[in-house]
Structure formats: C-alpha cells, structure tokens
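Below: the structure, in structure tokens.
Taken together, the values in this text are just the output of simple stated rules run on the coordinates, not laboratory data. Fair warning: this is a prediction, and the values are worked out from it, not measured in the lab. Ideal geometry is used to build each Cβ from the backbone, glycine not excepted, and the neighbour counts take in all protein chains shown.
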Ligand SMILES: Cc1cc2nc3c(=O)[nH]c(=O)nc-3n(C[C@H](O)[C@H](O)[C@H](O)COP(=O)(O)OP(=O)(O)OC[C@H]3O[C@@H](n4cnc5c(N)ncnc54)[C@H](O)[C@@H]3O)c2cc1C
C-alpha cells in the first residue's frame with residue numbers, strides 16, 4: 001500500500017516482518033497498530049476454523065454457535081462480545097494515518113471504512129493478505145473457462161448469451177423453472193440457484209409481486225459501489241519500478257482527517273511478469289477506483305453526456321495515478337475505460353454495481369443476506385450474499401448452497 005506521503009507498506013509476508021514494517025511506518029502508534037493486527041489475526045483464525053466446520057456461519061443455530069464456542073474456549077467470549085462492534089472500536093490509540101491505512105483496505109475488501117465495517121469481517125479481510133495472495137494464470141477468464149469445463153464434465157450444460165428473465169412458479173409458490181428472454185422456460189425438478197445480485201434476484205427473477213414489502217424496503221437499504229476502471233498497457237520497465245504488481249494507493253486530497261472512497265483511493269493491478277497478457281515487453285494492467293454508481297445513470301439526456309463524464313473521470317484519475325506513482329513515467333498507456341454503465345451492459349448487474357454489499361453491521365452476521373430466499377427452492381450465490389466479495393468468498397457461498405442442496409452424507 002502506498003500512503004499519501006509516498007511511503008510504501010508491504011501488506012504481506014511473515015508476521016514478524018509485517019509487524020516490524022508497521023512499527024517503522026507508524027512510529028506514532030507502533031504498539032497499538034501491532035496489537036490491532038495481532039488480535040485481528042487471532043480472531044480471524046478462529047472464525048476461519050468455525051467457517052470450515054459450519055460453512056453457513058451467518059445462519060448458524062444457537063446450538064451450532066455453542067458447539068463452535070466450545071471448540072475455541074479462549075477466544076469465543078471475545079468474538080461473541082465483538083459481534084456488534086464496528087472495526088473503529090478496536091482502533092483506539094492508533095493515529096489518523098494508521099486508521100486511513102486500515103480504511104483504505106477495508107474499503108477494498110468490505111466496501112466500507114472502519115467506522116461502519118463490522119469488526120469480525122474486518123479481522124478476516126485485513127489478515128487475508130498476510131496468509132498469501134494468489135494470481136490466476138490467464139486471469140479471470142481462465143477461471144470462467146475452468147468452471148464451464150467442470151460443469152460440462154459433470155453432465156451440465158452451459159448456455160452463453162442466455163438471459164434469465166423471471167422465475168416460473170408452481171401453485172404452491174415454489175420455483176418451477178426459469179423463463180428466458182427468448183420465451184423458453186427451463187424447468188427445474190429440485191431448485192434454482194441464482195448468481196444474480198440480491199437486488200436482481202428479487203427485482204427481476206422473483207419480481208415485485210412475489211417479494212414481501214418488508215424485504216423490498218430492506219433491499220433498498222443495502223448499498224454497493226460502482227467501479228471506474230482504466231485498462232492500461234504497461235511497459236515492463238515501468239512495471240518493474242513499481243513496489244509490487246498490486247498497489248493500493250491512498251491520497252489525501254482534503255488534507256484532513258476524513259477518508260473519502262471516491263477521491264482518496266485507487267488500485268493498480270498489473271498482470272504478473274510470468275503471465276503478462278500483453279505484447280512482448282509490456283504487461284496488461286488495470287486501475288480501479290470507487291464511484292457512485294447511481295450518478296452514471298441519472299442526468300444523462302444522451303450518450304454524449306456519458307462520454308463526457310467518462311472523459312472527465314479519466315483525466316482526473318489518470319492525473320491521480322501519476323501523482324501517486326511517479327515512477328510510472330511515460331511507461332503507461334491508456335487502452336480503454338469502463339464505467340458502471342459498461343459493467344451494466346456487460347453483466348446486467350443492478351446499476352453496474354460491483355464488489356457486493358457493504359459489510360456494515362446492518363448487513364453482517366445474522367443481518368447478512370444469505371443463500372436462502374423466501375422462495376423455498378430458490379437459493380442464491382455470489383458476492384452480494386454471505387460471506388461477501390471476491391472469488392474465494394463467492395466460492396464459499398457456492399459451497400454453502402451445495403451443502404444445502406446435496407449434503408455430504410454423514411456431515
Ligand atoms: C475491478 C474489480 C476487481 C476485482 N478484483 C478481484 C481480485 O483480484 N480477486 C478477487 O477474488 N475478486 C476480485 N473482484 C471481485 C470478483 O470479481 C467478484 O467477487 C466476483 O466476480 C463475483 O462473482 P458473482 O458470481 O457474484 O458475480 P459476477 O461475476 O458478476 O457473475 C454474475 C454473472 O451472472 C450474469 N447475469 C446477470 N444477470 C443475468 C441474467 N438475467 N441472466 C443470465 N445471466 C445473468 C452476469 O452477466 C455475470 O456473468 C474484483 C471485482 C472488480 C469489480
């Protein structure tokens with residue numbers, strides 16, 4: 001992570017090294033910063049163990065919670081007591097600089113900063129990079145290809161460019177199948193699993209008529225962010241001058257205490273040298289920043305206004321990238337951009353929102369949207385349901401749904 005003053009903090013590596021770099025980078029609150037991470041690591045390890053035993057942790061029964069607590073007698077009281085805490089509660093004694101270092105990472109992983117992020121979520125998210133991060137050879141496309149291949153091998157069918165329009169219901173209110181844009185209905189014998197966002201699962205598939213009013217208003221309260229992205233062609237030399245292939249850069253445009261996701265933060269991610277995904281001597285890279293998705297859909301009377309907003313955003317973000325990462329020099333070239341409208345056009349996610357639901361206390365733990373819906377045989381997976389955003393979390397959500405649909409015998 002690059003701090004506003006240009007200092008780099010490596011978030012990774014063995015605990016001892018990481019703690020030493022925290023002490024060096026945040027001398028004004030060194031011990032409090034290390035204590036925060038130590039406690040978070042202990043809590044997170046216990047939660048990871050619990051999630052392995054009971055993957056659907058957000059819906060664990062009282063009995064399951066008692067059993068899980070009994071398996072971690074030393075930490076359980078602390079974890080249970082912290083269920084209603086925001087991460088900021090645990091940052092007492094740390095400096096504003098350190099809190100912004102935490103805010104920036106939480107914004108990326110949880111979509112909300114420390115004053116609203118649930119502490120237990122924060123503990124897991126913040127310590128994940130310290131356990132080691134992975135890059136996929138071939139990028140996200142390789143994952144999609146492997147998934148499609150696996151579905152076919154297991155006897156399934158993959159249909160591309162096939163829009164699911166709405167659920168078909170039987171007389172008892174169960175899902176009987178999915179009606180496609182083409183008018184065809186694909187029937188189900190057992191269940192429908194939706195990987196649309198929680199907003200679209202209800203707004204489109206289930207439909208307002210079948211969604212209880214209380215749930216409709218709850219969905220309106222759940223917030224997500226849009227992303228503004230620049231696709232970059234990076235010279236290998238410029239990539240080599242960066243402190244890491246992944247840099248989360250925090251600037252301080254207001255020079256004050258406040259953290260602002262839209263103007264303070266961007267992420268540069270370069271493809272690894274061993275999988276450059278670009279012509280010789282170059283690497284593909286993306287710059288991603290948070291943007292309020294809604295404002296890309298309102299106030300546009302024609303397409304040229306969207307283009308102007310895109311051009312303004314590009315100019316402002318590109319200037320921030322060069323100010324924060326001067327070592328890029330002339331070695332980075334803009335290829336293309338993506339706005340929430342682009343995300344919407346490619347994925348049909350509501351308002352092109354990505355990154356799931358902000359992990360504030362109101363959307364965490366027992367309050368989290370989960371794989372269960374009020375339609376008995378409609379299940380959800382994906383980044384807007386428990387446990388949250390990212391390939392690993394989405395995979396966990398699929399495991400939860402699979403456990404429910406096809407429980408492993410003896411479990
Ligand atoms: C800029 C950016 C960078 C990221 N980087 C990382 C990273 O480095 N590591 C990481 O782990 N995660 C990363 N993520 C997060 C990760 O991409 C998401 O968590 C993940 O893709 C969510 O998976 P999903 O299946 O829930 O949703 P999606 O990936 O959006 O998949 C949903 C699919 O359903 C399709 N769909 C929608 N509506 C319909 C319909 N009506 N009919 C048929 N199909 C439909 C969509 O087109 C889409 O293909 C990043 C996200 C962003 C935006």
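Brief remarks follow.
- Angstrom value of the Kirkwood radius, inverse mean 1/r, which spans all Cα pairs in the range 31-184: 19.3
- GNM result for the chain, Cα springs below 10 Å: residue of 209, 260, 252 fluctuating most strongly: 209
- A helix-only calculation puts the chain at -11500 deg cm²/dmol for mean residue ellipticity at 222 nm, using -39500 (n - 2.57) for each DSSP H run of at least four residues, averaged over all residues.
- With the gyration tensor restricted to C-alpha atoms of the range 32-112, the semi-axes of the equivalent ellipsoid amount to 26, 14, 10 Å, longest first.
- Alpha-carbon centroid distance for the pair the range 10-61 / the range 151-202, whole angstrom: 40
- Listing 29, 117 from fewest to most neighbouring C-beta atoms within 10 Å gives 29, 117.
- Relative contact order %, the range 226-352, counting alpha carbon pairs below 8 Å whose residues are six or more apart: 39
- Volume per residue of the convex hull around the Cα atoms, evaluated for the range 293-411, comes out as 194 Å³.
- Cα-only radius of gyration and Dmax that characterise the range 226-352, units Å: 15.3, 45
- Our analysis of the range 137-178 gives Rg over Rh at 1.17, with the two radii drawn from alpha carbon positions and Rh computed by the Kirkwood formula.
- For the options 173, 137, 155, a Gaussian network treatment of the chain with springs between C-alpha atoms closer than 10 Å singles out 155 as fluctuating the most.
- Projected area, mean over directions - the chain, Cα convex hull, nm²: 22.8
- The calculated FRET efficiency for residue 48 paired with residue 24, based on their beta-carbon distance and R0 = 35 Å, is about 0.80.
- The calculated pair-distance distribution of the range 273-346 uses every alpha carbon pair, bins of 10 angstrom beginning at 0, and gives 15, 43, 29, 12, 1 percent.
- With neighbours defined as other Cβ atoms within 10 Å of a residue's Cβ, the residues 199, 296 order from fewest to most as 199, 296.
- Springs join every pair of Cα atoms under 10 Å in this Gaussian network model of the chain, and among 50, 33, 392 the largest mean-square fluctuation is at 392.
- Burial ordering of 162, 188, fewest other beta-carbon atoms within 10 Å first: 162, 188
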